[in-house]
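Heads up: the structure comes next, in structure tokens.
The values are calculated or read from the model by the stated rules, or taken from the named source; none is laboratory data. As the structure is a prediction and not an experimental result, all values here were calculated from the model. For neighbour counting, all protein chains shown are included, and Cβ atoms are generated from backbone atoms with ideal geometry for every residue, glycine included.
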Amino acid sequence: MIRLHLCTISFRHHLVSLPELAAWAADTGFDGIELWGVHARHLNDAPGNEAAALRHHGLVIPMLSDYLPLEGDEAAALAHTRRLCRLARYWGAGKLRTFAGHRPSAALSAGERRELAQRLRRLTECVTEEGQTLVVETHPNTLADHPEATRALLEAVDHPDLGLNFDVLHVWEAGVEPLAALRELAPWVRHFHLKNIDRHERLSVFAPANVYSPAGSRDGMVPVLEGACDYGPVLDWLARRREPMDVSLEWFGPDSYRVLAEDLTRLRQRLSASSRALAALA
């Protein structure tokens, strides 16, 4: 079963409450909402019970997406991680997402890689103690910017509760066929992010400094099934799964409600078509 979620980060510049977003998500047919860590922290201080609103609509929070510190003081990093774990528990989220640092894998020495893996293991142990799973995202300019480096990191950490948030577009951005990378990394994959671009030359539009800016460019951002990255093989792989898998639509462009609703419909249709085709071959 593939569970499709929207991300609150898609509404980072909107004036919309979580109960309003939950009602729309449920009416549109989403299974849940991936909660951005910044939003989770602010909602925790707000009056009202937004978590109850989500439950009322039958929605889940599969993951909190945040940025755990992999450098600097370890005690402070662990304290930050525990606070986030407790937020995740409040929302019923079983996974925390982070990045593997902020420098490209090719720029790190062997010693720096070891240090980062050691810190990541300590944070994973902390997350495990709090009852959740930690997932690292495949992302440029991190130690998970290429499947080879990603696998080396996961093997170095060597912890069953460290998984992978497989961002298909960023794997493709690294010059690797996503399905080939997925087959290699499948044992660690716990979540997917889906987004697309009209051509490779415009991928810089997803750089954090641009994407988080209200004035940033959105040129080239397109619906998942309309871009330069071919999602067909990955969707066929997902359709073959018998175990549940969480997938989030990570839209950063304009007209979020329309694009997300259309993407959801088209992805469900595509997954259903793949399932029927596979059944016919069985």
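Any residue that is out of contact with any Leu (no Cβ under 6 Å at 6 or more places or on another chain), crowded, with 16+ Cβ neighbours inside 10 Å and assigned to a loop (DSSP other than H, G, I, E, B) - is there at least one of those in segment 76-94? Yes.
Which one is modelled with the highest pLDDT among residues in segment 55-67 that are outside any loop (DSSP other than H, G, I, E, B) and over 20 Å from Phe99 (Cβ atoms)? Only one residue fits best here, namely Val60. Quick check: is even one residue across segment 6-21 among the charged types (D, E, K, R) and touching a strand residue (DSSP E or B) at 6+ places or on another chain (Cβ under 8 Å)? Yes: one or more hits.
Look at (1) assigned to a loop (DSSP other than H, G, I, E, B); (2) modelled with pLDDT of 95 or more; (3) over 18 Å from the mean Cα position of the chain (by Cα) and you find that Ala100 fails only one, number (3). Any residue that is of a type in the set (A, V, I, L, M, F, W, C), assigned to a helix (DSSP H, G or I), surrounded by fewer than 11 Cβ atoms within 10 Å (Cβ to Cβ) and modelled with pLDDT under 95 - is there at least one of those in segment 273-280? Yes, that holds for at least one residue.
A single entry from Leu15, Leu70 fulfils the requirement of being outside any strand (DSSP E or B), farther than 30 Å from Arg270 by Cα, in contact with a Lys or Arg (Cβ under 8 Å, 6 or more places away or on another chain) and modelled with pLDDT under 95: Leu70. Within segment 233-249, being within 21 Å of Trp172 (Cα to Cα), out of contact with any helix residue (DSSP H, G or I) (no Cβ under 7 Å at 6 or more places or on another chain) and of a type in the set (Asp, Glu) holds for one residue alone: Asp246.
As a summary of the residue check, Glu173 satisfies the conditions (1) in contact with a strand residue (DSSP E or B) (Cβ under 6 Å, 6 or more places away or on another chain); (2) closer than 25 Å to Glu112 by Cα except for the one numbered (1). When segment 95-121 is filtered for residues that are over 23 Å from Arg83 (Cα atoms), surrounded by 14 or more Cβ atoms within 10 Å (Cβ to Cβ) and hydroxyl-bearing (Ser, Thr, Tyr), only Ser105 remains. No other residue among Asp246, Asp230 is surrounded by fewer than 20 Cβ atoms within 10 Å (Cβ to Cβ) and not in a helix (DSSP H, G or I) apart from Asp230. One residue is enough: does segment 252-264 have a residue meeting the conditions among the basic types (Lys, Arg), free of Cβ contacts under 8 Å to residues at least 40 places away in the same chain and closer than 14 Å to Phe30 by Cα? The answer is yes; a qualifying residue exists.
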